[in-house]
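Structure, as structure tokens:
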Amino acid sequence: MSGLYIHIPFCEKKCIYCSFYSIESFANKNRFLDALHREIAQSGEIPPVKEEREEVRTIFFGGGTPSMLSPDEMSAILDSLRAAHTVVGDAEITMECNPGALNRDWLEGYREGGINRLSFGVQSFHDDELQFLSRIHTAAEAEENIRLVRDVFDNVSLDMIFALPGQTPERWHYNLERAVDLGTDHISAYSLIFEEGTPLNAMRLKGKVNPAPNDLEADMYEETVQFLARHGLEQYETSNYAKAGYACRHNIGYWERKSYTGYGPSAHSFARRGVLGKRWANVSSLNAYLESIESGGSPVIMREELTSEQGMEEIVMLGLRYRGINLYDFKEAVGEELTSVAPERVEWLLKEGFAQLDEDSLRLTAKGSIFADRFALEIIEATERSRQLSSI
């Protein structure tokens, strides 16, 4: 087992673009904490977890807003995790937090309790952009909190969003400048996605907002890669940039398809077996999560054994966003070489300078990385067509 993920579902205010499960009510906090401790303690009875005896090297508290829990509450969760799993001494332990609601006492309490990395949901340094995104902090509060956090933590990441409706390249450049000037070690920069079911997408469907043009989004992406590289933050995944030694080990585990276990409502888990494995997921409802555990049951509502097709899709999708498609894993999942099942697509990517091919992997160039998801879908479709034809 490589990592643990703990989903804390509480938010002071849900952002219009967020598709992750969260609730604004804090009423069931104590019931949630009791249930979470019980779920962690009972996890050894889940067959995939019981079979996995690898050391835990990363822990990630996501949400929601984990920093709504006190340092003592977070420390108690970590104690439960250490009791149930073998957590290495130098494990990376990340907590997501939002600007505007942090103070030095709590920050020092988190650090003393075992948290050693903070992921800060800044998103923008423009107040009007923050208001559009329904963030509850101001740009000034974000800067003040980042300075405070860096006095306590030496591993801090900022989340930023670009390609907002009406956003200009100059305004995005300012956001990057502020992030760098504040001494940031790691930046996750995502283009704004209109996720189905979010208020943001409802606004789009009603014609109230329009996504940024594709060419403008591409220009902002290229500016991000180049600007951050000039300031010592190298791109190591499509949306992630870090100074040497500050890449997020937990997320690297996802991209490398290492095993992980999730706790809390909506949390997912994966136990790898060769290039395939098992997946399971908890119910995406706090009430249902509480009822299942309090009645002595399990919050897991989905279990599946990955098929070779699903394994291939993950190898392609995750690989192209990170260090490339592992050709050995691809062949093990599919039974054929990538260059045999999708020769035209691979040849085109190489010819146009979007990818490079060596004996171990097909990886995207800087020019091709912005199109990682599109190219992954094209390779997956080509592979599936080839397999269908070969079965006729």
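The values are calculated or read from the model by the stated rules, or taken from the named source; none is laboratory data. Predicted model, so just to flag it, every value in this text is computed and none were measured. Virtual Cβ from ideal backbone geometry, glycine too; neighbours counted across all protein chains shown.
Give the range 212-235 a look and list any residue that's within 27 Å of ALA91 (Cβ to Cβ) and in contact (Cβ under 8 Å) with a residue 60 or more places away in the chain, or say none. Selection gives GLN235 alone.
The set of residues in the range 208-220 being in a helix (DSSP H, G or I) and either charged (D, E, K, R) or modelled with pLDDT of 95 or more (or both) consists of ASP215, LEU216, GLU217, ASP219, MET220. Meeting the requirement of 2 or more residues that are out of contact with any Gly (no Cβ under 8 Å at 6 or more places or on another chain) and in the same structural domain as ALA229 (by TED's automatic domain parsing), no helices (runs of 4 or more DSSP H) wholly within the range 318-384 can be named.
Among the residues of the range 78-89, those identified as farther than 19 Å from PHE10 by Cα and in contact (Cβ under 8 Å) with a residue 24 or more places away in the chain are SER80, LEU81, ALA83, ALA84, HIS85, THR86, VAL87, VAL88. Across the range 152-166, the number of residues qualifying as closer than 22 Å to ILE16 by Cβ and assigned to a strand (DSSP E or B) comes to 5. Within the option set ALA189, ALA179, being surrounded by 19 or more Cβ atoms within 10 Å (Cβ to Cβ) and either at pLDDT below 95 or part of a strand (DSSP E or B) (or both) holds for one residue only, ALA189.
So that you can scan it fast, the table gives a plain yes or no per residue for (1) surrounded by fewer than 20 Cβ atoms within 10 Å (Cβ to Cβ); (2) among the polar types (S, T, N, Q); (3) closer than 30 Å to GLN226 by Cβ:
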position: ARG273; (1), (2), (3): yes, no, no
position: GLY296; (1), (2), (3): yes, no, no
position: ILE301; (1), (2), (3): yes, no, no
position: GLU304; (1), (2), (3): yes, no, no
position: THR307; (1), (2), (3): yes, yes, no
position: VAL316; (1), (2), (3): no, no, yes
position: ARG321; (1), (2), (3): yes, no, yes
position: ILE325; (1), (2), (3): no, no, yes
position: GLU332; (1), (2), (3): yes, no, no
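Taking the listed residues ILE370, ILE392, ILE315, the one that is of a type in the set (Val, Ile, Thr), within 21 Å of the chain's Cα centre (by Cα) and at pLDDT below 95 is ILE370, with no other qualifying. Cβ-Cβ distances below 9 Å connect the following pairs, each with a first residue in the range 101-118 that is in the same structural domain as PHE10 (by TED's automatic domain parsing) and at pLDDT below 95, a second residue that is of a type in the set (S, T, N, Q) and buried (at least 19 other Cβ atoms within 10 Å of the Cβ), and a separation of six or more residues or different chains: ALA101/THR65; ALA101/SER67; ALA101/ASN145; LEU102/SER67; LEU102/ASN145. A residue that is surrounded by fewer than 17 Cβ atoms within 10 Å (Cβ to Cβ), hydrophobic (A, V, I, L, M, F, W, C), closer than 18 Å to SER67 by Cα and out of contact with any Phe, Trp or Tyr (no Cβ under 7 Å at 6 or more places or on another chain) can be found somewhere in the range 140-152.
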